[in-house]
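Okay, structure first, notes after.
The values are calculated or read from the model by the stated rules, or taken from the named source; none is laboratory data. In this text the structure is predicted, and so the values were computed from the model without any measurement. Here the Cβ positions follow ideal geometry from the backbone for every residue, glycine too, while neighbour counts run over all protein chains shown.
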């Protein structure tokens with residue numbers, strides 16, 4: 001059963017349980033758009049900028065190597081008629097090997113980018129969770145849902161805590177030196 005299916009089942013179960021719980025005491029709920037929070041909090045913006053800079057450097061390197069391989073292929077095509085069959089096959093095989101290695105490097109970069117993003121966002125997500133917990137306790141909320149992954153189809157905007165989470169996070173961040181940074185993030 002997928003995570004989305006499990007969350008949908010949980011949402012249905014909660015919707016059935018909420019009327020029962022509501023009779024015992026009023027249940028207050030809220031929801032947060034985590035993606036929006038991550039993109040708009042100051043630490044999230046800084047982390048995204050660091051990741052973007054790293055990705056651009058990687059892409060530039062890969063593009064440069066790809067251009068080199070394209071030129072090498074053009075040279076091989078021009079000189080192919082003057083080469084022996086054996087030499088032409090050997091050069092074509094070497095070129096194909098380089099193309100394969102570059103494709104592997106690109107794929108490895110994608111995996112590395114995902115891992116770097118996870119490491120960059122992990123401390124920020126922890127802090128966001130603390131902010132959400134503080135707001136939920138202050139407001140007496142029994143449940144806070146994540147807008148996109150909870151199976152939440154509709155909710156009144158009055159239950160949206162997203163902007164309050166962003167404001168609270170950014171105001172509690174204080175000085176830029178307090179910003180959470182992944183342990184292996186490059187130094188400025």
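Structure values in brief
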read-out: Some residue of region 89-108 being buried (at least 16 other Cβ atoms within 10 Å of the Cβ), touching a helix residue (DSSP H, G or I) at 6+ places or on another chain (Cβ under 9 Å), modelled with pLDDT under 90 and farther than 30 Å from residue 157 by Cα; value: yes
read-out: Members of region 160-174 found to be more than 18 Å from residue 120 (Cα to Cα) and at pLDDT below 90, listed by number; value: 172, 174
read-out: Residue within region 51-72 that is under 30 Å from residue 164 (Cβ atoms) and modelled with pLDDT of 90 or more present; value: yes
read-out: One residue from 151, 133, 140 being free of Cβ contacts under 8 Å to residues at least 12 places away in the same chain and within 16 Å of residue 32 (Cα to Cα); value: 133
read-out: Test: residue in region 13-26 that is at pLDDT below 90 and in a loop (DSSP other than H, G, I, E, B); value: yes
read-out: Out of 47, 57, sole residue that is touching a residue at least 60 places away in the same chain (Cβ under 8 Å) and part of a helix (DSSP H, G or I); value: 47
read-out: Residues (without any contact (Cβ under 8 Å) to a residue 12 or more places away in the chain and within 30 Å of residue 51 (Cα to Cα)) located in region 72-111; value: 97, 100, 101, 103, 104, 107, 108, 110, 111
